[in-house]
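The values are calculated or read from the model by the stated rules, or taken from the named source; none is laboratory data. Note that this is a predicted model, so its numbers are computed, not measured. Neighbour counts run over all protein chains shown; Cβ positions are idealised from the backbone, glycine included.
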Amino acid sequence: MLGYTVTNLTKQTRVATEVELADTWWARFKGLLGRSAAEFTDGKGLWIIPCQGIHTIGMSFPIDAVYLDSAGRVLRLYQSLAPFRLAAMSFRTHSVLEFPKGTLSHSGTQIGDLLEFTIYD
């Protein structure tokens, strides 16, 4: 299965090393539902594309989330988004990255930063 590493080009930091792509209706619908915090650990992520907003309804752990435009520029951040919450929708958003809680502070990622995706097998 293909995966991605995500690098913050603006800060020259690695954001995640094992990012899954959710680009089908079912994968986007399911998201992280059914996973535990023990499975979704540092270095992991989920890239939901296309996506203009997320929720954590049905989840059992908090996450960090990044809203991106089509060029990979950060439009909005959510740090430690708690379970059973709705995050805002944004029609400018092209995709959303979900990470384990703490990923954004560790990588220094901020609004306006440019993220790069590199494919690996």
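The table that follows gives values for the structure above.
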quantity: Subset tally (residues that are surrounded by fewer than 20 Cβ atoms within 10 Å (Cβ to Cβ), out of contact with any Asp or Glu (no Cβ under 9 Å at 6 or more places or on another chain), part of a loop (DSSP other than H, G, I, E, B) and at negative phi) for the stretch 68-115; calculated: 13
quantity: Filter result for Ala65 (at negative phi, surrounded by 14 or more Cβ atoms within 10 Å (Cβ to Cβ) and in contact with an Asp or Glu (Cβ under 7 Å, 6 or more places away or on another chain)); calculated: yes
quantity: Tabulated pairs, the stretch 50-64, first without any contact (Cβ under 8 Å) to a residue 40 or more places away in the chain and β-branched (Val, Ile, Thr), second assigned to a strand (DSSP E or B) and surrounded by fewer than 17 Cβ atoms within 10 Å (Cβ to Cβ), C-beta under 9 angstrom, 6+ apart or interchain; calculated: Thr56/Leu86; Ile57/Leu86; Ile63/Ser80
quantity: Of the criteria (1) assigned to a loop (DSSP other than H, G, I, E, B); (2) under 14 Å from Thr109 (Cβ atoms); (3) of a type in the set (D, E, K, R), which one Arg35 fails; calculated: (2)
quantity: Some residue of the stretch 58-66 being at pLDDT 95 or above, acidic (Asp, Glu) and either more than 15 Å from the chain's Cα centre (by Cα) or assigned to a loop (DSSP other than H, G, I, E, B) (or both); calculated: no
quantity: Among the residues listed as Leu33, Leu77, the single one being at pLDDT below 95 and aliphatic (A, V, I, L, M); calculated: Leu33
